[in-house]
Amino acid sequence: MSVAGQPGHPLKVAIVGAGPAGFYAAEALLACGLEVEIDLLERLPVPYGLVRFGVAPDHFKLKSVSAVFARIAQDARLRCFGNVALGRDVSVPELGALYHAVVVATGTDSDRRLDIPGESLPGVHAARDFVGWYNGLPDCADLDFDLDCESAVVIGQGNVAIDVCRILASPIERLRRTDIAGHALDALARSRLRHIHLIGRRGPAQAKCTPKELRELGTLPDWQVAVQATDLQLNPASEQELAQPANAQVARNLDILRDFAARPVQDGRRIHLHFLRAPVALYGNERVRSVELAVQTLTGTPGAQQARPTGERTTLDAGLVLRAVGYRGTTLPGLPFDHARGTLPHRDGRIIGDDGQWLSGWYASGWIKRGPSGVIGSNRADSADTVAALLADRPCLQGARSGRDGLHALLARRQCKVVSADGWQAIEQAESERGRQRDKPAEKFVRIPDMLATADSASRPETART
Ligand SMILES: Cc1cc2nc3c(=O)[nH]c(=O)nc-3n(C[C@H](O)[C@H](O)[C@H](O)COP(=O)(O)OP(=O)(O)OC[C@H]3O[C@@H](n4cnc5c(N)ncnc54)[C@H](O)[C@@H]3O)c2cc1C
């Protein structure tokens, strides 16, 4: 039998998840020089994952990476299956039997909790839901964020925390020029917020945000960033961390924070940066009213400092609380899962079971492989590594596979409404048109039936092509 990947005998690969990791895996496979047939499955009727539903709408330049992905989607060797979810429309054993290899690039569809009393009070949300809401994620379209209050508390100081803070404090006229969801724009226009508190468990030298995002907070008109100069005094271990060349970014953050602290205090709306504070309880009756914080101190050696409570406590008023303490992957029925890390267990991208054995033909890439860290571009090298492992395994990935034909037949039997790359384009064009009418770059559809109807009216669904 000829080896899969040779002329007339394509290596058939399914990639699950049309976010950056999925597209970069497709790019690496398309460039590998073998004959390949790639099918890209995406649970939503629209592609690009967190590029569409995570990256903040005012970061247009970053979102434009989707044009690169759209070009990959046009390659004749690749077929897109939008609105098809692994675990819902096709099971793990079914997909594994259809293809020589499957790359799982499903990202993170949950988030870490604080696990403190009061976390279930109305008004307490995951930043992930808030981000999804303002970016038009269908799962979050019906959520309600009450901005009829003066004070919001954001738990966390990574870039997601900074993003949600910036969106809460951005002038409406600025947001109107983005593709932010219409429902979010209307709600933010009515916001009464005057104080936004960003809470970090550790010190300014350990804050996870990047300088560009931090600096942007200081450019918001009508808002001043408040930092206590005393919070910027570092302990000796933090000074040593700062001196390390690998921490140049931290040094830049410190410079920015010192600049914020030195600015003359004015009346008006404030973004307060609090360091060495950990939330211990949320209080309220019908909805959240306040957050109790435990003051922390850092102990340990440089690079391994831990925050420990001093015993002192403070309280902040809060009508809205957003926890931004990390995204998290969830299990896919039929695949092993590392519950502690919220990722697929793997060795060099090969998914491994509890017994440490490789699940033959199964690979992972992106955030579901390495957890929620890194920028869009980090997924390119990550996916290239996974594809390199897949190609090295080619001698084991043999046998006849029905691939695309088999998937089409299975989805047709289940009457799945599949959205093709043409359908994706049609949805985007319709969204741009809706945006033009409102003087915005795009007005996204936030309902799945609307997306499906638009894809349907513009292109024949993929299942009809078989
Ligand atoms: C709020 C936020 C802001 C960010 N801002 C920036 C930024 O400004 N700059 C930057 O460089 N990076 C940013 N990032 C990071 C960047 O978005 C990630 O590095 C990247 O999106 C991770 O790619 P991924 O493909 O692993 O996951 P995702 O982007 O999440 O893509 C996963 C895809 O898989 C699909 N999927 C999930 N389950 C299934 C299933 N069962 N079947 C089929 N499909 C499925 C999902 O719908 C999704 O489309 C941000 C991240 C967040 C959370």
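So the values come out like this:
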| item | result |
| --- | --- |
| Exceeding the 19 Å Cα-Cα cut-off - candidates K212/K444; K63/K444; K63/K369 | K212/K444; K63/K369 |
| Pairwise label distance in nanometres, N235 with S120, each label 7 Å out on the Cα-Cβ vector | 3.6 nm |
| From phi via Karplus (6.51, -1.76, 1.60), per-residue ³J(HN,Hα) for segment 36-44 in Hz, x at Gly/Pro | 10, 10, 10, 10, 10, 9, 9, 5, 8 |
| Acute angle (nearest 10 degrees) that the helix 159-169 long axis makes with the longest principal axis of the chain, alpha-carbon atoms | 60 degrees |
| Percent antiparallel among DSSP beta bridges (both partners in the chain, rounded to 5) | 35 percent |
| Beta bridges by DSSP in segment 1-104, antiparallel share as percent, to the nearest 5 | 5 percent |
| Extension reserve of the V3-V280 stretch, reckoned as 0.36 nm per residue once the Cα distance is removed | 93.8 nm |
| Relative packing of peptides 15-22, 281-288, 82-89, 97-104 - highest average C-beta neighbours within 10 Å first | 15-22, 97-104, 82-89, 281-288 |
| Principal-axis tilt of helix 378-392 within the chain, Cα atoms, nearest 10 degrees | 30 degrees |
| Residue (of V154, A141, A237) at the positive-pole extreme of segment 112-327, dipole from beta-carbon charges | A237 |
| Rg over Rh [alpha-carbon atoms, Kirkwood Rh] for the chain | 1.00 |
| Relative packing of peptides 112-118, 381-387 - highest average C-beta neighbours within 10 Å first | 381-387, 112-118 |
| Along each principal axis, Cα extent of segment 112-327, largest first, Å | 48, 37, 34 |
| Considering only segment 112-327, percent of DSSP beta bridges that pair antiparallel, nearest 5 | 40 percent |
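All of the numbers you see were taken from the coordinates with simple rules; none came from a lab. This is a predicted model, so every value here is computed, not measured. Counting neighbours? That spans all protein chains shown, and the Cβs are built from the backbone with ideal geometry, glycine included.
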